[in-house]
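The values are calculated or read from the model by the stated rules, or taken from the named source; none is laboratory data. Just so you know, these numbers come straight off a predicted model, no measurement behind them. Cβ: placed from backbone, ideal geometry, glycine included. Neighbour counts: every protein chain shown.
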Amino acid sequence: MTAGLPVIDAVRLAVDEANAGDETPRVEFEVYDDHSAEDGAREAAKQVIGSDAVVVVGPGTTVSALAAGPLFGEAGMPSIISSTVRHDDGNFHRALRERGRRK
């Protein structure tokens, strides 16, 4: 899970900031480790889909994203990814610039 620690830290910071006021709903953050593997990604995706989650931040690797993406898509759950290769199937929302343009 060390490769994903910067993203986890960034999301925790954003969650803390979002929850700093008295506004509702409150944001909760749960980490699921997919071990950067296809089987792990599919298992983690099933756990997330079975939870009360409404959005996913991740997966963090291309291998995991390609394995979990179809499951998130079937469940109608958006997935925000910070760094993977381009994959245009409608399940992912990239947070990176590519060739000088926002995606």
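Which of the numbered conditions does I8 fail, given that it passes all the others? Conditions: (1) β-branched (V, I, T); (2) outside any helix (DSSP H, G or I); (3) within 11 Å of the chain's Cα centre (by Cα).
Going through (1) β-branched (V, I, T); (2) outside any helix (DSSP H, G or I); (3) within 11 Å of the chain's Cα centre (by Cα) one by one, I8 breaks only (2).
Take A18 and tell me if it is surrounded by 11 or more Cβ atoms within 10 Å (Cβ to Cβ), within 25 Å of G76 (Cβ to Cβ), modelled with pLDDT under 95 and of a type in the set (A, V, I, L, M). Spell out the reasoning first.
Working: surrounded by 11 or more Cβ atoms within 10 Å (Cβ to Cβ): yes; within 25 Å of G76 (Cβ to Cβ): yes; modelled with pLDDT under 95: yes; of a type in the set (A, V, I, L, M): yes.
Here the answer is yes, as A18 does meet what is asked.
Quick one: in the stretch 50-68, of everything that is in contact with a strand residue (DSSP E or B) (Cβ under 9 Å, 6 or more places away or on another chain) and of a type in the set (A, V, I, L, M, F, W, C), which residue is nearest to G4 (Cα to Cα)?
Selected residue: V57.
If you scan the stretch 12-70, which residues turn out to be touching a residue at least 40 places away in the same chain (Cβ under 8 Å) and among the β-branched types (V, I, T)?
Within the stretch 12-70, V57, T61 meet the criteria.
G40 - would you say it is modelled with pLDDT of 95 or more, surrounded by 12 or more Cβ atoms within 10 Å (Cβ to Cβ), in contact with a Ser or Thr (Cβ under 9 Å, 6 or more places away or on another chain) and not in a loop (DSSP other than H, G, I, E, B)?
For G40, the condition - modelled with pLDDT of 95 or more, surrounded by 12 or more Cβ atoms within 10 Å (Cβ to Cβ), in contact with a Ser or Thr (Cβ under 9 Å, 6 or more places away or on another chain) and not in a loop (DSSP other than H, G, I, E, B) - is met.
Out of the residues in the stretch 48-103 that are among the acidic types (D, E) and not in a helix (DSSP H, G or I), state the one that is modelled with the highest pLDDT. Break it down stepwise before answering.
Restricting attention to the stretch 48-103, the residues satisfying the condition of being among the acidic types (D, E) are 52, 74, 88-89, 98.
Now narrow it down to the ones that are not in a helix (DSSP H, G or I): 52, 88-89, 98.
Numbers: D52: 94, D88: 56, D89: 57, E98: 55.
The qualifying residue modelled with the highest pLDDT is D52.
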